[in-house]
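Worksheet for the structure shown next.
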């Protein structure tokens, strides 16, 4: 029994030393492995010259260039509607007839009032002629001293009164003529004709329906007549992009109903008034309306179709360019430009930004397995590549991915390994 106690104590010591040794081994392993330098796996591509076309993209709707929404100017019941939605109509063609009985009665009433006023005018004229003769006779006698002042003044007053009544009746006749003209215009408004050659793209009323004229708010919407021979895409463009667009810019339009088919277009109008949505919130958006004329719409394009528009705002041929994802931003104090021989390629604008401690645009290039940060000045871009205005000479091998490495992990001086099969096609790029 006494001999078992030392044996148990010896076993405990062996287990304890084993655990301590294992822990020390793990710590030493972590120390040695953590001191090893991290090598990032990246893809690269040779800087090359390309044609860059800057594109502004947005969505919108197809609309006719010329369309008219018709509303009645008078109220009444629809008694004739000889057209239906989709009909092609000619300018001046009858579209709708409103019951005209009350308006025709007003014309007859105004015509009768005019005749009455003209008859009264004849009476006033006859009275004026008679009184004027009497006035002329008394005036002649007065000048010869054969009539008293009282007789002359009475004759003169009668003449002036008759003359005034005649002139007042002349005004009454003119007023009656205007009333008749107005009544006739109201009667004419009961007949609605097409203002243009086109198609009835929308019909909102039916026969026997009562409509309200424009003297009641905006009036009842009757129908829309549109010229479908000229169609345009109306899109909304962000305030930051609209400044890039000019009248006459070429555009490519894809209409959802036609799949991948592209329609050629031309910018004809750029809105001056902003269209604001979510006003006063963090999601506030300010857009401007841009209209693009479709140059080859055909007869199957319909108003209201959804579309995507790519507006080519600027094209630069054969300019140095790199993939979009290659350009990132860093704070100047994160980079060691004093050790970078390419720093002198950056213009004063970039140096100023550096002094102000603002983020600057950079690309990482592969220099013998080391990522070297190069500050650049960029220009226009397309969907894949961006122009490099300053900072590169075209001989560099720029890092193109992965995106996470470029945007976060890479630093000036990081060790890298280029993945096989992802290196840029140097020979082809040089030929370009």
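The values are calculated or read from the model by the stated rules, or taken from the named source; none is laboratory data. Given the structure is predicted, the values throughout are model-derived calculations rather than measurements. So basically every Cβ, Gly included, is an ideal-geometry build from the backbone, and we count neighbours across all protein chains shown.
From the list 291, 266, 316, 300, the lone residue that is at pLDDT 85 or above, part of a loop (DSSP other than H, G, I, E, B) and over 30 Å from residue 412 (Cα atoms) is 300.
In the stretch 245-263, the qualifying residues are those that are without any contact (Cβ under 8 Å) to a residue 60 or more places away in the chain and in a strand (DSSP E or B), and the one that is surrounded by the fewest Cβ atoms within 10 Å (Cβ to Cβ) is 262. Kindly provide the set of residues from the stretch 360-400 that are at positive phi and touching a helix residue (DSSP H, G or I) at 6+ places or on another chain (Cβ under 6 Å), ordered by number. Listed by number, the list holds a single entry, 391. Before we move on, is residue 74 crowded, with 17+ Cβ neighbours inside 10 Å, touching a residue at least 12 places away in the same chain (Cβ under 8 Å) and not in a strand (DSSP E or B)? In short, yes.
Among residues of the stretch 403-432 that are in the same structural domain as residue 384 (by TED's automatic domain parsing) and more than 17 Å from residue 384 (Cβ to Cβ), none has a Cβ under 8 angstrom from a residue that is at pLDDT 85 or above and assigned to a helix (DSSP H, G or I) at a sequence gap of 6+ or on a separate chain.
Only residues that are modelled with pLDDT of 95 or more, surrounded by 15 or more Cβ atoms within 10 Å (Cβ to Cβ) and within 30 Å of residue 117 (Cβ to Cβ): list them for the stretch 190-224, please. Within the stretch 190-224, just 190 meets the criteria.
On the given criteria, is residue 379 outside any helix (DSSP H, G or I), surrounded by 14 or more Cβ atoms within 10 Å (Cβ to Cβ) and modelled with pLDDT of 85 or more?
Yes; evaluated as a whole, the condition is true for this residue.
Taking (1) in contact with a helix residue (DSSP H, G or I) (Cβ under 7 Å, 6 or more places away or on another chain); (2) modelled with pLDDT under 95; (3) not in a loop (DSSP other than H, G, I, E, B) in turn, residue 110 satisfies each apart from (2).
Going by the structure shown, is residue 35 modelled with pLDDT of 90 or more and either surrounded by fewer than 15 Cβ atoms within 10 Å (Cβ to Cβ) or under 40 Å from the mean Cα position of the chain (by Cα) (or both)?
no
Would you confirm whether or not the stretch 157-166 contains a residue that is in a helix (DSSP H, G or I) and either under 30 Å from residue 77 (Cβ atoms) or not assigned by TED's automatic domain parsing to the domain that holds residue 183 (or both)? Within the stretch 157-166, none of the residues are in a helix (DSSP H, G or I) and either under 30 Å from residue 77 (Cβ atoms) or not assigned by TED's automatic domain parsing to the domain that holds residue 183 (or both).
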